[in-house]
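The structure appears right after this line, and notes come after that.
The values are calculated or read from the model by the stated rules, or taken from the named source; none is laboratory data. All figures in this text were calculated on a predicted structure; none of them were measured in a lab. Methodologically, a virtual Cβ is constructed for each residue, glycine included, from the backbone with ideal geometry; neighbour enumeration extends over all protein chains shown. When the accessible area is computed, the model is the full protein with side chains, heavy atoms only, and any ligands, DNA or RNA have been set aside. Shrake-Rupley method; radii C 1.70, N 1.55, O 1.52, S 1.80 Å.
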Amino acid sequence: MLRRFGRVAGFLLKRAGPVYLHYGITHRCNLRCRMCGIRDEGGAELDLKQINEAFNIFRRMGILYVSIGGGEPMTRPDIMEAIRIIRKKGIKVRLLTNGLFLDEQTVKEFARQRIDEVSLSLDSLCPEKQDLLCDMPGVGVRIFESVHRLARILPRGKRKLVLNTVVSPVNITELPALCRFAHALGFYISFIPVENNGRPEFIFKPDSWSTVDRTYAELIELKAKSDSNILNSSLFLRKSPDYLKSGRCDWQCDAGNLYFSLSPKGDLSICHATSSLGNILNPGLEGYLRSAEFYSQREQRIKECAGCFRPCWAEVSFCFQDQNSLWEAVQGRLRHG
């Protein structure tokens, strides 16, 4: 932990080098969630040898933290070995999963392999509503079973367990209850504002805006408590209602500076919404990422981007742009380990 804080402190002083990577290890998924745009059943994926080579490069770049998502990463039979490879580089790993593969044996393997963090998607306390969001009957009950299994086998203090909740008109009134549910089981919770994917059920209409404001005001109060389990920064929570109501992205993006995105086949981009810079295993890419040409093109890509408000990007930026957000992150780490 001290090494990571030292790296972060060094970045604050020098403003150089990325610290975070999102790795979509596969686009395969066993669900077709209504709010998700990933529909690819397959495509090329890095094998374990290539993952090892790629993360040697990321270690040299200074990456400290990787979120492994998809698709559903647990569809890869070698996912545990991939995580072991990455952790051996001294990089902290968070696994993002829908929870449907988390049977007793798998969760016990998590414990044996000392996986740093597990984030499980849960959008509603109503199983039928979760079924609707995931577009599959019976999913809600199975996810609840996985949540309780994680809480039982990976007790609080041993690993960081997180519930990821996509905020939409379908569940806006449930957010405080979801927060308390997570807290009771020893989970953190992260609220992710839904992105407009064209589906009318995920667009906040003006008659719901007061509900959005009231809900987030309550979340901000819960965040202020000494035992808060909300991972989002106060700044992120304050900005979320405006994004949900207007779609405005009022924050400074640091894509390609603080963080990058890696596709299943190894294509590196400054974030999910921009085109590839090249494959991470291509000779010369590592040097290009340190060049003036790259930083010029990075600025142009950001200008051309429509913007987003994903916490995986925004929260990293807030830690380096806003002293209070950084202090909240440090306090949370010191308080909860």
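Observations on the model:
- Residue count for the range 220-256, restricted to those that are out of contact with any helix residue (DSSP H, G or I) (no Cβ under 7 Å at 6 or more places or on another chain) and farther than 24 Å from Glu201 by Cα: 6
- Selected residue [polar (S, T, N, Q), buried (at least 17 other Cβ atoms within 10 Å of the Cβ) and touching a helix residue (DSSP H, G or I) at 6+ places or on another chain (Cβ under 7 Å)] from Ser325, Ser317: Ser325
- Some residue of the range 189-200 being touching a Cys at 6+ places or on another chain (Cβ under 9 Å) and among the acidic types (Asp, Glu): yes
- Elements of the type helices (runs of 4 or more DSSP H) sitting completely within the range 76-159 and holding at least 1 residues that are within 30 Å of Phe202 (Cα to Cα) and basic (Lys, Arg): these cover 127-134, 139-153.
- Residue selected from the range 251-274 under the condition in contact with a Leu (Cβ under 9 Å, 6 or more places away or on another chain) and over 17 Å from Asn52 (Cα atoms), by the criterion most open to solvent (accessible area, probe 1.4 Å): Trp251
- Subset tally (residues that are over 18 Å from the mean Cα position of the chain (by Cα) and either farther than 25 Å from Leu161 by Cα or open to solvent by 60 Å² or more (accessible area, probe 1.4 Å) (or both)) for the range 82-93: 2
- All positions within the range 230-245 that are in a loop (DSSP other than H, G, I, E, B) and open to solvent by 10 Å² or more (accessible area, probe 1.4 Å): Leu231
Residue-by-condition table, conditions (1) over 20 Å from the mean Cα position of the chain (by Cα); (2) over 21 Å from Tyr188 (Cα atoms); (3) at pLDDT below 95; (4) aliphatic (A, V, I, L, M):
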site	(1), (2), (3), (4)
Thr97	no, no, no, no
Ile115	no, no, yes, yes
Cys126	yes, no, no, no
His148	yes, no, no, no
Val166	no, no, no, yes
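- Number of residues in the range 205-229 that are part of a helix (DSSP H, G or I) and in contact with a strand residue (DSSP E or B) (Cβ under 8 Å, 6 or more places away or on another chain) equals 3.
- Of everything listed in (1) among the aliphatic types (A, V, I, L, M); (2) over 18 Å from Gly71 (Cβ atoms); (3) not in a loop (DSSP other than H, G, I, E, B), the single unmet condition for Leu281 is (3).
- Residues in the range 191-229 that are crowded, with 19+ Cβ neighbours inside 10 Å and polar (S, T, N, Q): Thr215, Ser228, Asn229.
- On the stretch given as the range 52-65, residues that are touching a helix residue (DSSP H, G or I) at 6+ places or on another chain (Cβ under 6 Å), of a type outside the set (Phe, Trp, Tyr) and buried (at least 19 other Cβ atoms within 10 Å of the Cβ) total 1.
- Residues within the range 94-138 that are open to solvent by 10 Å² or more (accessible area, probe 1.4 Å), of a type outside the set (Asp, Glu) and at positive phi, tallied: 2
- Residue in the range 192-204 that is of a type in the set (Val, Ile, Thr), touching a Pro at 6+ places or on another chain (Cβ under 9 Å), outside any loop (DSSP other than H, G, I, E, B) and farther than 30 Å from Phe55 by Cα present: no
- Matching entry among Pro73, Pro77 (being at pLDDT 90 or above, open to solvent by less than 30 Å² (accessible area, probe 1.4 Å) and either more than 18 Å from Phe260 (Cα to Cα) or more than 20 Å from the chain's Cα centre (by Cα) (or both)): Pro73
- Every pair of residues 6+ apart whose Cβ atoms lie under 7 Å, when the first sits in the range 197-222 and is free of Cβ contacts under 8 Å to residues at least 40 places away in the same chain while the second is outside any helix (DSSP H, G or I): Ile203/Asn196; Ser208/Pro169
- Extreme residue, surrounded by the fewest Cβ atoms within 10 Å (Cβ to Cβ), among residues of the range 1-45 that are small (Gly, Ala, Ser) and at pLDDT 90 or above: Ala44
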